[in-house]
Every structure is written in structure tokens, then in C-alpha cells.
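Each value in this text was obtained by applying a stated rule to the coordinates, not by laboratory testing. None of these values were measured; they are calculated from a predicted model. Counting neighbours? That spans all protein chains shown, and the Cβs are built from the backbone with ideal geometry, glycine included.
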Amino acid sequence: MHIITLVKWVPDAQLERRIGADRRLERSEGILGELDEYPLEAALQIAENYDDAARVTALTMGPAGASAAVKKALQIGADDGVHLCDEALAGADIYATSTALAAAVNHLRVSGGAQQFVVLTGMASEDGESSAVPAQLAARLGVPALTQARGVVLNGEQLQVERVSGDRVQKVAAPLPAVVSVTDQANEPRYPNFRDMMKAKKKPVSALSLAELGLTAHGVESKVSLVEAEPRPERTAGELIHDDGTAGKQIADFLDKEGLL
């Protein structure tokens, strides 16, 4: 069993956020996203209840500094880490992110040789907050997507998930492989002690590029581009209406002239 957990390097909420010269959020300092600790804890619990052959891999995508997210995941308990890093992924949108991550998951699935795998993600990332990557990732992998899970149980070759939809609690299941997004209500993440931190230094971390995944820069080209907005026209003086007993009619005539009636 191979449990691949997506982790993300996000800006530290304790620090002031700044926009860089490239008009994007500056990411010179970051941390493991808090919402990614919950799927990681779920992955570790599944591995502990499965068997000794289960392996938890922390997978991240981002610039050089993103390796810090993987290292923290290893300290918490992941067995190994993978860092997908390529200049072509800078500023990747949801489309590019899900494309690259799907290729990385397939690469790990083939190279790892596990009979079954599951991908666990957070409910959202603290910086993007789109919550769209898990569903897109599942679609690209051609596997079921179980989203917004507040409880995850592996029963044989089937994942059972409890989720909230509106005012109802749903219990759904899907066969492996699958993609599951885990909420912050699913568990209580563990925290590493000094021994865990020392053990993490010996755990393997590998790097991947787009070329190694058989992708090109064009294949992960963002579908959203930043353009310069046209300057707003200067505001002109409005029409002043004096109430001489016909103000109501004047207002109605004005609104009609502007096409607002």
C-alpha cells in the first residue's frame, strides 16, 4: 500500500505578506500548510492500521524552499518525501498544478511498485483556498474523488469516508485507488519530538523535474494570465436634483434615461 500525501509550502501567516516584482505573493519564507497536517495524520493512521508494507510519501510541488514542507512532514512521520521542482511551474494555476501532480503520482505509483495506492490532500491550501485541486487530480488519474472528509477508514480494498454536505452527514465509500481531501475536523495531528526530528534527517527525499515526468513547459502552461487593467475613467459630476415638488418624477426620468427602469 502506497499512501501519497500532498503537502504544500505556504507563506507564514505570522509574517507580513508582500507582493513581489512578478506581481505574485512573495514566498521567500514559508511553512508546511496547517491544513496539510490533517491528511498527513490520516495517512499515518491508515498505515499503522494496515500492515508493515504500507508506506507514506509526502509529495510537494514548488520552488527550492518548498522542501521545508517535506522535511516537516518527515518529522511528523512520513517515510519519504518527493519534491517536484521546475522553473516552468512558477505561478502554476489549478490546471497546471493538477496536471503536474497527476504525472508525479503516476510516476511514484509505477516506480514504487505498490499494488494499491491512495492520495490524501488537505481540504484547501491556505494561500489559494480554491479546494479544486483534489477533484481535478482525481479526474486526471481516472480514480474516484472523496472530498471534504471528516473521517477516513480503510476497510480492505475500500475507503470509507464521512463527510458533511449542507445539514446532512454522508457516509460514502469507493474502491482503491482514490483521491481523498481531508478536513480539519478529521483528527488531531501529532507533533514531532526531538527523536522524530533526528530520525527524519535519515529519511530519503528525492527531487523530480517535469522532464523526468515526461512533461514539457507547454504541457503545464497556466490558463490564467495577468494583464494590465485599463485605468478607470475619471468620475464626472452627477445630476443635481432640487426638490420643487417634482423630484420623484425627475428621479424616475433620470433612471429611465440611464436604462435602469
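Mind listing the long-range amide H neighbours of Ser206? Cut-off is under 5 Å, sequence gap 5 or more, other chains count too, H placed in the peptide plane at 1.01 Å from N.
For Ser206, the qualifying residues are Gly81, Val82, His83.
For every helix of n ≥ 4 consecutive DSSP H residues, a contribution of -39,500 (n - 2.57) applies; sum these over the chain, divide by its total residues, and give [θ] at 222 nm rounded to the nearest 500 deg cm²/dmol.
Value at 222 nm, helices only: -8500 deg cm²/dmol.
Could I have the simple spin-label model distance between Asp167 and Met198, label points 7 Å from Cα toward Cβ, reported in nm to one decimal?
So the label points at Asp167 and Met198 sit 5.5 nm apart.
Hey, what did the chain get for relative contact order, percent, Cα under 8 Å, at least 6 apart?
It comes to 22 percent, rounded to a whole number.
Just to check I understand the Karplus step: with θ = phi - 60° and J = 6.51 cos²θ - 1.76 cosθ + 1.60, what whole-Hz values come out for region 190-203, glycine and proline as x?
In residue order, the calculated couplings are 7, 10, x, 9, 4, 5, 4, 5, 6, 5, 4, 5, 9, 7 Hz.
Take peptides 54-63, 191-200 and line them up by average Cβ neighbours within 10 Å, highest first, as a rough protection proxy.
Most protected by this proxy first, the peptides run 54-63, 191-200.
Cα gyration tensor of region 103-197, axes a ≥ b ≥ c as square roots of the eigenvalues: rounded (a/c below 1.5), prolate (a/b > b/c) or oblate?
rounded
Which ordering of Val220, Val70, Val110 is given by a fewest-first count of other beta-carbon atoms within 10 Å?
Ranking Val220, Val70, Val110 by Cβ neighbours within 10 Å, fewest first, gives Val110, Val220, Val70.
For Gln148, list long-range residues whose amide hydrogen, built 1.01 Å from N in the peptide plane, is under 5 Å from its own amide hydrogen.
Ser181
Give the range of the longest stretch in the chain that excludes all GluC sites (Glu not before Pro) found in loop regions by DSSP and having at most 11 other beta-carbon atoms within 10 Å.
It runs 17-128.
With N set to the number of residues, divide the alpha-carbon radius of gyration of region 43-93 by 2.2 N^0.38 Å and report two decimals.
1.34
Viscosity 1.567 mPa s, temperature 4 °C: Stokes-Einstein D of region 2-220 from its Kirkwood Cα radius, in µm² per second?
74
By how many nm would the segment from Glu48 to Glu157 lengthen if fully extended, with 0.36 nm per residue of separation less the alpha-carbon distance?
Result: 37.7 nm gained on full extension.
For region 30-46 and region 192-221, what is the separation of their C-alpha centers, rounded to whole Å?
Here the two parts' Cα centres lie 16 Å apart.
Quick check on my link table: of Lys8/Lys201; Lys8/Lys171; Lys8/Lys199; Lys71/Lys171, which ones sit more than 31 Å apart, alpha carbon to alpha carbon?
Result: Lys71/Lys171 exceed 31 Å.
List every residue whose amide H lies under 5 Å from the amide H of Ser125, counting only residues 5 or more places away in sequence or on a different chain, with H placed 1.01 Å from N in the peptide plane.
Ser130, Ser131
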